[in-house]
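The values are calculated or read from the model by the stated rules, or taken from the named source; none is laboratory data. Because the structure is a prediction, the values reported are computed rather than measured. Note that we place each Cβ from the backbone using ideal geometry, even for glycine, and neighbour counts take in every protein chain shown. Side chains are part of the model used for accessible areas, which takes the heavy atoms of the whole protein and leaves out ligands, DNA and RNA. Shrake-Rupley method; radii C 1.70, N 1.55, O 1.52, S 1.80 Å.
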Amino acid sequence: QVQLVESGGGSAQAGGSLRVSCAASGRTFSSYVMAWFRQAPGKEREFVAAIGWSGGRKYYADSVKGRFTISRDNAKNTVYLQMNSLKPEDTAVYYCAAASSYYSNRVSDYDYWGQGTQVTVSS
């Protein structure tokens, strides 16, 4: 069992930056692929970024490539999402997720989810 708790959301102006964090419980954090998804009002949850067990492999949605960076610190059981050059369309609830198998950009492939943290970008 893994419990995920996001933090660090908030408000920013377009062009600004925010960093969200996700702290995981459990001693097997390093064995999970970790990802960030987001869900805007009235829209489906969508993939943002994922990172492999050691942090060596990273995957991004085209909409955030070059602006967002995912990273992890296995010693701290934490995964981060640094968001730069924010746009109003980045406004959403951001969710942290863990998968015990392999990398995926599908919601259904992730086993554990956090409660989400709100990110609001104003123009």
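Quick notes on this structure:
- Qualifying residue in segment 50-59 (condition: open to solvent by 70 Å² or more (accessible area, probe 1.4 Å) and closer than 12 Å to residue 97 by Cβ): no
- Number of positions in segment 89-111 that are farther than 21 Å from residue 40 by Cα and open to solvent by less than 60 Å² (accessible area, probe 1.4 Å): 2
- In the set 2, 79, 33, 64, only one residue is under 11 Å from the mean Cα position of the chain (by Cα) and touching a residue at least 12 places away in the same chain (Cβ under 8 Å); that residue is 79.
- Scanning segment 3-27 for residues that are part of a loop (DSSP other than H, G, I, E, B), among the polar types (S, T, N, Q) and either open to solvent by 70 Å² or more (accessible area, probe 1.4 Å) or modelled with pLDDT of 95 or more (or both) gives 3, 17.
- Among the residues of segment 89-123, the ones that are assigned to a loop (DSSP other than H, G, I, E, B) and of a type in the set (Phe, Trp, Tyr) come to 3 in all.
- Test set (1) loosely packed, with under 15 Cβ neighbours inside 10 Å; (2) in a loop (DSSP other than H, G, I, E, B); (3) more than 14 Å from the chain's Cα centre (by Cα) - residue 86 fails condition number: (1)
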